[in-house]
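Below: one structure, written as structure tokens.
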Amino acid sequence: MVEIVLAAYNGEKYIKQQIESIMRNTYEDIQLTIYDDAREIGTSIAMTDILSVMIERYGEKVTYKKNIENKGCTRNFLEGLQASTAEYVMFSDQDDYWNKDKIEATLKKMKEMERIYGKDTPLVVFTDAIVVDSELNLISLSFHRSNHLNITRLDLAHLLMENKLIGCTMMMNEALKKKITTIPKKARVHDWWIALVAAAFGKIGYIEKATILYRQHENNVIGNQEYSSYIKQRMENLKSQKEVIDASMRQAEEFLEIYGEQMKKRQRKLVERFAYLNTRSWLYRRYAMYCYGYRKSGLPRNIGLLLVI
């Protein structure tokens, strides 16, 4: 069975359409569990009304859980992953739209990887996404191409500096789920944390085609951004960029605290060097960036790194 963990927050505007797209998938052995993180009473009532209709329509395939406390996006997803008893787990945002073959295509890739590496190997599969506006009108045919992200660089060093995995396109196997033993406090986002775990202890698979319509609107936590605007914004605000890099180093420091004893010596050193890079000299930081592979996608981003790291 595949369980889909949907982390919701004030999601009443789009969640009905998203649930319907999930339930129209060609793969039917699924369980959709919705973890509602909203605290607003009015929003909760609206969500409850919508989900009552969905549960009546789809029966036991849909489960709704209201969080007692506000957990935030990262914790909501990761605790949902930990709570799952399914063999495979996928994440879903509340406002996207899934292709009919998304689950089937991702599971096929996952099973191919399990045949190669074994079921005991922590595995994650992710895909591309079509970027759309709030009304599902096309913005870009490829999230990764529009953001100039190099998805061939999925090693631990590159992922310490830059995430390429889109959480709402991911599928994780049971072996990877079992590696998430502690909920991090300094993780940038849930999908980035899982990418680091998979890179350190398992394998990452990619499907080049898009499997979802990735909706962009004013309430997105993280979304698509025009590449030229992204570069301009970063170059104009180097202080903000420095804070982003520092946050990635704090994430690496916590990763080291949780998984340091489980990593191979070479991996541990790689994470350790990155976590404490800001304590080293100006020259060493630039040397480490290229010697150990702490880099981002594309020349403009890496020029920016040289200015702030």
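Glu20 to Asn278: extension gain in nm, 0.36 nm per residue of separation minus the Cα-Cα distance?
Working: separation 258, 0.36 × 258 = 92.88 nm, distance 4.70 nm.
Value of the extension gain: 88.2 nm.
Test of understanding: extend the Cα→C-beta vector of Asp49 to 7 Å, then name every residue of segment 5-20 with backbone N under 19 Å from that spot.
Within reach of a label on Asp49, which here means backbone N under 19 Å from a point 7 Å along Cα→Cβ, segment 5-20 contributes 9-20.
Sort Ile34, Ile116 so that the residue with the fewest other Cβ atoms within 10 Å of its own Cβ comes first and the one with the most comes last. Mind dumping the intermediate values first?
Values: Ile34 25, Ile116 11.
The most exposed by this proxy come first: Ile116, Ile34.
Say R0 is 41 Å: what FRET efficiency, to the nearest 0.05, do Glu56 and Glu174 get from their beta-carbon distance?
Values: r = 31 Å, r/R0 = 0.76.
In this case the efficiency is close to 0.85.
Which value, in debye to the nearest 20, describes the size of the charge dipole of the chain about its Cα centre when Lys and Arg Cβ atoms bear +1, Asp and Glu Cβ atoms bear -1, and nothing else is charged?
Values: 46 positive and 40 negative charges, 347 e Å.
Its charge dipole is roughly 1660 debye.
Read through the labelled values [x] 46, 44, 39; [y] 60, 48, 42; [z] 62, 43, 37 and report the label of the one computed as Cα extents along the principal axes in Å from the structure.
[z]
Does segment 37-173 classify as rounded, prolate or oblate by the C-alpha gyration tensor (a ≥ b ≥ c root eigenvalues; a/c under 1.5 gives rounded; else a/b over b/c gives prolate, otherwise oblate)?
Prolate, since a/c reaches 1.5 and a/b exceeds b/c.
Between the alpha-carbon centers of segment 284-309 and segment 130-169, tell me the distance in whole angstrom.
If we compute the Cα centre of each part, the gap is 20 Å.
Which ³J(HN,Hα) values, rounded to whole Hz and listed in residue order, are derived for segment 98-108 from phi using the Karplus coefficients 6.51, -1.76 and 1.60 in 6.51 cos²θ - 1.76 cosθ + 1.60 with θ = phi - 60°, glycine and proline given as x?
Per-residue couplings from phi come out as 8, 5, 4, 9, 4, 5, 4, 5, 5, 5, 4 Hz.
How much length would be gained if the chain were fully extended between Val308 and Glu254, taking 0.36 nm per residue of separation minus their Cα-Cα distance, in nm to one decimal?
Values: separation 54, 0.36 × 54 = 19.44 nm, distance 2.20 nm.
Between Val308 and Glu254, full extension yields an extra 17.2 nm.
Using a basic spin-label model with each label point 7 Å from the Cα along Cα→Cβ, how many nm lie between Glu28 and Lys264?
Modelled inter-label distance: 4.5 nm.
Using a simple charge model, +1 on the beta-carbon of Lys and Arg, -1 on the beta-carbon of Asp and Glu, nothing else, what dipole does segment 49-94 show about its Cα centre, in debye to the nearest 20? Intermediate results must be reported in sequence, preceding the final value.
Values: 6 positive and 7 negative charges, 16 e Å.
Dipole of segment 49-94, to the nearest 20 debye: 80 debye.
For every helix of n ≥ 4 consecutive DSSP H residues, a contribution of -39,500 (n - 2.57) applies; sum these over the chain, divide by its total residues, and give [θ] at 222 nm rounded to the nearest 500 deg cm²/dmol. Kindly include the intermediate steps, with their values, before the conclusion.
Numbers: 13 runs with 145 residues, N = 309.
Computed mean residue ellipticity for the chain: -14500 deg cm²/dmol.
Students often get this wrong, so check it: of Lys177/Lys239; Lys164/Lys269; Lys65/Lys296, which have C-alpha atoms separated by over 29 Å? Write down the numbers at each step before the final one.
Numbers: Lys177/Lys239 36 Å; Lys164/Lys269 23 Å; Lys65/Lys296 38 Å.
The pairs that break the limit, which is 29 Å between Cα atoms, are Lys177/Lys239; Lys65/Lys296.
No lab work stands behind these numbers, since they all come straight from the coordinates. Note that the structure is a prediction, hence the values are computed from the model and not measured. Heads up, the Cβs are rebuilt from the backbone with ideal geometry, glycines too, and the neighbour counts pull from every protein chain shown.
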